[in-house]
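Worksheet: the structure to be examined is printed underneath.
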Amino acid sequence: MIDTVKVSLTLRDKAINQDEQSVLITNFANSLQEKDLTEPHNCHGFGRVRHFRLQTDTGWNINPLPILPCIKALSLEATDMIRAQVFQNAVCNWRCWYCFVDFKLLSGNRQFSDYLTCETLLDYYQEQESPPVMIDLTGGQPDLTPEWIPWMMDALIRRGLDKKIYLWSDDNLSNDYFWRYLSKEQIERVRSYTNYGRVCCFKGIDELSFHHNTNAEPSGFELQFELVEKLLGLGIDLYSYITLPALPETNFKDAIASFCDKIQAIDPNYLLRIVPLKIFEFSPVVARVKDLQTRLLEGQAIAINYWNDEISKRFSIAELALPITDVVLKNRQT
Ligand code: SF4
């Protein structure tokens with residue numbers, strides 16, 4: 001079982017150079033993840049273009065993230081697909097069995113990574129003929145190196161790109177490094193930066209499914225709620241995913257109702273900003289699917305129905321029809 005506190009500190013040390021303001025960034029060349037890319041990697045191997053789509057899979061909820069936040073921020077025409085320039089930091093403290101990233105790209109392995117500043121990343125990004133209008137800072141776990149986000153914001157401002165590009169980042173809700181390592185000025189930069197959205201991922205519907213999915217201590221499940229509450233208090237444009245794999249014998253009705261109660265105790269409307277994410281078997285995942293994971297996938301198929309039932313009980317038809325970007329939060333108007 002992963003000792004999240006210990007592993008996080010070790011990986012953070014490996015993944016950041018404060019003096020140079022650089023972060024260990026994944027290079028996709030010759031990696032297993034490279035096989036799943038629909039376009040060749042770019043930015044000298046350190047980037048990839050991802051096509052985000054509203055439609056996911058037949059019978060599953062659409063995924064408006066990060067398409068709708070980007071359209072709204074940049075006042076773009078409606079679309080069901082958007083391209084994003086993705087950069088991955090090369091460390092993650094968890095090992096979710098369904099992660100589409102090759103685990104070799106999560107351990108700070110220098111065979112597949114190098115220290116790059118945000119200025120260099122933007123140099124590479126701007127070399128393209130038609131760079132995507134969105135930059136996605138993902139991982140790995142970007143929040144092992146939370147400085148990466150305000151450093152990128154500062155670099156975009158210096159180049160006059162902050163109003164032209166939408167910035168999106170992920171957070172696996174595993175640590176408080178955002179609060180521990182960022183200065184007041186950096187937190188204020190993140191809070192006040194206009195074209196920024198952040199997605200925090202809940203990994204499971206209860207302690208057991210969280211543990212099965214991440215291989216971390218079950219207590220990490222509760223910490224996710226505390227971390228989301230703090231970020232919501234900041235008033236940034238926050239969204240979440242939830243992954244639903246769980247043992248088929250789970251009491252889904254009670255577990256999902258309890259999850260929803262906890263979220264609504266933080267913010268009554270935040271549930272409408274949580275998107276259930278379907279797990280697919282990408283290349284790095286196939287070898288990890290054993291008996292347990294097969295059963296967790298069976299549970300995922302059951303859980304989505306309970307999730308949709310529970311949400312529909314808690315909101316009106318009009319509320320359920322709201323675009324995710326129009327869901328008002330306690331600390332943030334849309
Ligand atoms: S937290 Fe994200 S990056 Fe880390 S192992 Fe899980 S899915 Fe992969």
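Confirm whether residue 207 is surrounded by fewer than 24 Cβ atoms within 10 Å (Cβ to Cβ), closer than 24 Å to residue 100 by Cα and away from the ligand (no atom under 15 Å from the Cβ).
Numbers: surrounded by fewer than 24 Cβ atoms within 10 Å (Cβ to Cβ): yes; closer than 24 Å to residue 100 by Cα: yes; away from the ligand (no atom under 15 Å from the Cβ): yes.
Judged against the criteria, residue 207 is a match.
The set of residues from segment 127-153 being more than 16 Å from the ligand (Cβ to nearest atom), surrounded by 17 or more Cβ atoms within 10 Å (Cβ to Cβ) and either more than 26 Å from residue 75 (Cβ to Cβ) or not hydrophobic (A, V, I, L, M, F, W, C) (or both) comprises 131, 132, 147, 150, 151. Considering the conditions (1) touching a Ser or Thr at 6+ places or on another chain (Cβ under 8 Å); (2) free of Cβ contacts under 8 Å to residues at least 40 places away in the same chain; (3) of a type in the set (A, V, I, L, M, F, W, C), residue 210 is excluded by exactly one of them, (1). Looking across 269, 331, one residue alone is farther than 22 Å from residue 57 by Cα, exposed (fewer than 15 other Cβ atoms within 10 Å of the Cβ) and not small (Gly, Ala, Ser). It is 331. Across segment 181-201, the qualifying residues are those that are out of contact with any helix residue (DSSP H, G or I) (no Cβ under 6 Å at 6 or more places or on another chain) and of a type in the set (Val, Ile, Thr), and the one among them that is surrounded by the most Cβ atoms within 10 Å (Cβ to Cβ) is 199.
If we scan segment 21-39, do we find a residue that is assigned to a loop (DSSP other than H, G, I, E, B), closer than 23 Å to residue 177 by Cα and not β-branched (Val, Ile, Thr)? Show your work before the answer.
So in segment 21-39, the residues assigned to a loop (DSSP other than H, G, I, E, B) come out as 21, 27-32, 37-39.
Okay, now just the ones that are also closer than 23 Å to residue 177 by Cα, so 21.
Applying the additional criterion that residues be not β-branched (Val, Ile, Thr) yields 21.
Yes: one or more hits.
For segment 299-321, a tally of residues being closer than 16 Å to residue 270 by Cα, of a type outside the set (A, V, I, L, M, F, W, C) and assigned to a helix (DSSP H, G or I) returns 6.
If I filter segment 249-256 for residues that are of a type in the set (Val, Ile, Thr), surrounded by 15 or more Cβ atoms within 10 Å (Cβ to Cβ) and either over 21 Å from residue 171 (Cβ atoms) or touching a residue at least 40 places away in the same chain (Cβ under 8 Å) (or both), do I get at least one hit?
If we filter segment 249-256 for residues that are of a type in the set (Val, Ile, Thr), which is where we start, we get 250, 256.
Pick out the ones that are also surrounded by 15 or more Cβ atoms within 10 Å (Cβ to Cβ) and you get 250, 256.
Now drop any that are not either over 21 Å from residue 171 (Cβ atoms) or touching a residue at least 40 places away in the same chain (Cβ under 8 Å) (or both), which leaves 250, 256.
Checked against the condition, which is being of a type in the set (Val, Ile, Thr), surrounded by 15 or more Cβ atoms within 10 Å (Cβ to Cβ) and either over 21 Å from residue 171 (Cβ atoms) or touching a residue at least 40 places away in the same chain (Cβ under 8 Å) (or both), segment 249-256 yields at least one hit.
Contact annotation: residue pairs with Cβ atoms under 8 Å, 6 or more positions apart or on different chains, pairing a residue in segment 51-64 that is over 15 Å from residue 79 (Cα atoms) with a partner that is assigned to a loop (DSSP other than H, G, I, E, B) and among the hydrophobic types (A, V, I, L, M, F, W, C), are 57/280. Among all residues of segment 66-84, there is none that is within 16 Å of the ligand (Cβ to nearest atom), surrounded by fewer than 18 Cβ atoms within 10 Å (Cβ to Cβ), in contact (Cβ under 8 Å) with a residue 60 or more places away in the chain and within 17 Å of the chain's Cα centre (by Cα). Taking segment 156-180 as the range and being buried (at least 18 other Cβ atoms within 10 Å of the Cβ) and closer than 23 Å to residue 220 by Cβ as the test, the residues that pass are 169, 170, 171, 172, 173, 174, 175, 177, 178.
Every number here is computed from the coordinates shown, using simple stated rules; none is lab data. In this text the structure is predicted, and so the values were computed from the model without any measurement. Because the Cβ atoms are built from the backbone with ideal geometry, glycine has one as well, and the counts that use them run over all protein chains shown.
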